[in-house]
1. Can you tell me how much longer the chain between I517 and F497 gets when fully stretched, taken as 0.36 nm per residue apart minus their C-alpha distance, in nm with one decimal?
2. Given a 1.4 angstrom probe, I'd like the percentage of the accessible area of segment 365-407 that is carbon and sulfur, rounded to a whole number.
3. Rounded, prolate or oblate: pick one for segment 402-444, where a ≥ b ≥ c are the square roots of the eigenvalues of its C-alpha gyration tensor, a/c under 1.5 means rounded, and failing that, prolate if a/b is larger than b/c, else oblate.
4. Based on alpha-carbon centroids, what's the gap between segment 66-93 and segment 405-455 in Å, whole number please?
5. Which value, in debye to the nearest 20, gives the size of the charge dipole of segment 43-143 about its Cα centre, when Lys and Arg are +1 and Asp and Glu are -1 at the Cβ?
6. Kindly identify the chain as rounded, prolate or oblate by the Cα gyration tensor criterion: order the square roots of the eigenvalues as a ≥ b ≥ c, call it rounded if a/c is under 1.5, otherwise compare a/b with b/c, prolate if a/b is larger, else oblate.
7. Positive end of the charge dipole of the chain (Lys, Arg +1 and Asp, Glu -1 on Cβ, about the Cα centre): tell me which of Y453, A352, A223 has its Cα farthest that way.
8. Taking only protein heavy atoms into account and a 1.4 Å probe, give the accessible area per residue of segment 230-269 in Å².
Amino acid sequence: MEISGVSLIAGREGSKTGSPFHAVNPVSGEAVEPAFFSASQQEVAQALEAAQAAFLVWRKSTGTERARLLRTIADGLDAATAELVARAKMETALPEPRLKGETQRTSNQLRLFARVVEEGSWVEARIDRALPNRTPLPRPDLRSMLQPLGPVVVFGASNFPLAFSVAGGDTASALAAGCPVVVKAHPAHPGTSELVGRILADSLQSCGAPHGLFSLLFDSGFAVGQALVEHPLTCAVAFTGSRRGGQSLMSLAAGRPNPIPCFAEMGSTNPVFVLPGALASQTREIAAGLFGSFTLGAGQFCTKPGMVFVPNLEETELLLGELHRLTRDSTGFTLLTPAIAANYRRAIEERALSCGVPAGRVTQTSGACSAAPVLLETEIDAFLQQPELSEEIFGPTSLVIRCAGREAMLRAAEHLEGHLTATLLGTEEDLAAYADLVAVLERKAGRVLFNGYPTGVEVCDAMVHGGPYPASSDSRFTSVGTLAILRFARPVCYQGFPQAALPEELHDANPRGILRIVDGISNREPF
């Protein structure tokens with residue numbers, strides 16, 4: 001496929017009148033051709049007007065039609081894997097196996113949502129039949145189900161050029177729910193974004209779906225993103241990125257004359273608690289697992305374990321010695337962009353001073369996007385007194401916090417803000433002895449792990465990728481897994497409607513055979 005460098009607006013190419021920018025190869029530091037042109041305010045409006053027109057059609061589409069489109073996109077991604085991987089590697093420096101796996105994950109989650117909408121029960125249909133003879137007042141016939149919100153604006157993520165970008169989980173779940181999507185491509189990998197965008201546009205045409213269901217807009221700055229969120233036709237926003245970026249979008253979405261939901265996943269520090277039983281029996285294994293997790297993907301995962309709480313025991317010195325050895329002996333890493341690398345170095349210097357480590361010992365790197373892995377240590381009292389030690393650092397680093405005992409770990413857990421994940425490493429006896437710690441972490445994280453590592457997010461029905469603020473903007477929802485579709489729908493109740501005027505999912509005969517709650521009982525039976 002040819003890369004044009006222009007936005008894709010409802011099946012047609014945008015203009016080259018906007019300010020140009022290039023992707024940058026993180027290894028060489030050189031600009032990657034071609035130039036990309038920022039979308040205009042007029043093109044923002046055109047994309048959303050086309051999306052609204054498509055919504056009026058697509059909201060009535062069947063699960064079969066939506067599933068066909070999602071599978072067609074997935075097939076297109078699979079067929080273009082080699083081309084996508086080659087371009088993404090050039091723009092991100094991520095290794096080829098990682099990018100191949102990410103491409104497969106992207107097509108797999110499209111097929112997962114195809115299965116969900118084809119089966120149909122996700123609409124949560126509920127029926128309370130009329131009770132005309134009830135006293136003292138009769139009950140009318142009431143039927144409700146989820147209906148799509150409308151045009152959704154999706155922001156591509158820097159660290160997942162495929163799985164959390166143009167055709168990623170946000171786009172897949174929005175299209176599955178019946179919503180058109182306008183994607184604001186991430187400027188770090190615009191070529192990859194355009195290639196995927198063309199696959200989506202071709203899939204729409206192949207399936208006979210409205211062209212306005214998808215648009216892709218470029219911009220190296222913030223003007224296009226702000227215009228998209230503030231446009232009156234936008235009904236929801238999905239974002240994966242930094243806390244600062246997410247909070248800005250949340251403010252824009254809430255400050256509109258008609259506020260809209262902003263589903264922002266803003267990362268977290270993902271605390272790990274090493275409990276005494278595991279420390280005594282698996283010291284070296286834990287060191288290897290922790291190091292592998294906080295350096296995986298150069299530490300650029302939102303689920304990276306950024307702080308590790310350990311008890312002050314004899315085995316702790318062996319654990320930390322092994323962790324420091326692994327960190328010291330490791331080769332350096334290449335981060336995604338010069339800005340991310342500069343922010344990492346600056347944050348490490350500040351954190352090192354807070355932990356009493358000379359900054360010069362932890363910043364020996366060369367190259368605009370290079371980064372050295374860093375392991376820092378502090379004591380629980382210092383941690384509790386310095387809130388900045390809890391802040392996420394995007395890159396290959398983690399902070400070890402020494403705790404005097406069980407009560408100190410509980411204090412640390414209560415001190416935590418919201419996180420995507422929290423991990424316990426221990427024995428079953430540890431788990432029973434620290435039940436109160438588990439209870440605290442249930443309130444602090446969206447996913448609680450036992451004897452595993454948080455990097456790696458399975459795409460499945462049970463997954464929760466979200467958490468209490470500031471990990472995400474709304475802890476009731478997830479951005480990964482089939483429950484992600486619920487972000488882009490709202491309940492609508494129909495009172496007293498005749499059968500012919502009701503959605504098919506609410507007909508007495510239940511022609512789709514979906515699971516419904518009828519007069520308080522879950523079943524798939526017609527009546």
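1. Roughly 5.4 nm would be gained on extension.
2. 50 percent
3. Judged from the Cα gyration tensor, segment 402-444 comes out oblate (a/c at least 1.5, b/c at or above a/b).
4. Cα centres, segment 66-93 to segment 405-455: 38 Å.
5. Here the size comes out at about 520 debye.
6. Note, shape of the chain comes out oblate.
7. My answer, from the dipole projection, is A223.
8. On the way: 1660 Å² over 40 residues.
Result: 41 Å² of accessible area for each residue.
The values are calculated or read from the model by the stated rules, or taken from the named source; none is laboratory data. From a predicted model like this one, the values you see are computed outputs, not experimental measurements. Virtual Cβ from ideal backbone geometry, glycine too; neighbours counted across all protein chains shown. What goes into the accessible areas is simple: the full protein's heavy atoms, side chains included, and nothing from ligands, DNA or RNA. Shrake-Rupley method; radii C 1.70, N 1.55, O 1.52, S 1.80 Å.
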